[in-house]
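Student: Below you will find the structure I want to go over with you.
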Amino acid sequence: MEAEEPLEDLIVIHPHTLQKFMRQGKDFANLLALYTFYAYQAKLQKTNQPLCTDEFTRKGMNWAIDRVKKTKKLLKEMGFIAVVQKGYYSYIKLPFIYTKKKVGELLGNIVKNITTPKVLKKENLKPKKEKIVSVKNDEAKLLQDWLTYCHKNAIRYSKNNLNSWNERLKNRSTLEQKEAIYTAIAKKWKNFYITPIKASKYHQFLGKSLMLEKDCDTLIDIDFREKYFYYKFKNRSISSMVEPQKLFAKYGYDKISKTAPMVGEIKDKIVGLIERF
């Protein structure tokens, strides 16, 4: 099989130009033919302003002179050519075909814009204060850690998987989320599993309160870092080495009853003393 010969002297016309020609309806073919003829002469004469008199064009295109003049006038009105008259000779200027000089100027400007360093004003050198977006818990970060693990281990997942993972982590404590995700990562699993709410050791404490030196109103989240449990309530946050089961067994109460265990014990003792007398 013989190799194809390379195409030479190609005339490339932009689709935008073709669209403008097509909008002229029945004149489309004439516009395209004459513009291509001028472009070919520009390439042949190595200039964007070729010598093309109407008579020369008529012979080259094998058209009637009226057809040449009408189509040339339309190209001129559309801004695709300009007619430059020098004495007896007529030149056709093609503004969308750049000369070497014009190309050099454009390239020079591009290089200049790339290489010229931007001088910063003194006020621009001052560090800008960035807004810190507060996050309710580590849910977003933990899910991102899981997705990063999936990418590194070529674990494919779909949009349904993502929705399912979001749903699992929803309304669960940070401590339980960490246990689920980091256990799965450590054991190289392709999915993570979180303990159901009914079997959870920690979910039962969410919404409860503590009566300490200062009331801790309604537990929102539990976390564990470096031997400490972190308890986040509506009105404050505390840390303790005491696990939730023991802490809430001793100081916890349900906000709905509005009676803390310690207060109830004191009330019972007072009633007992009154009954004695």
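A short reminder: the numbers here are calculations on the coordinates, not readings from a lab. Not measured: the values here are computed from a predicted model. FYI the Cβ positions are ideal-geometry reconstructions off the backbone, even for glycines, and counts take in every protein chain you see.
Student: If I go through the range 21-32 residue by residue, how many of them are exposed (fewer than 15 other Cβ atoms within 10 Å of the Cβ) and in a helix (DSSP H, G or I)?
Tutor: Going through the range 21-32 one residue at a time, the tally reaches 5.
Student: Could you go through the range 232-240 and let me know if any residue there is aliphatic (A, V, I, L, M) and within 40 Å of the chain's Cα centre (by Cα).
Tutor: Checked against the condition, which is being aliphatic (A, V, I, L, M) and within 40 Å of the chain's Cα centre (by Cα), the range 232-240 yields at least one hit.
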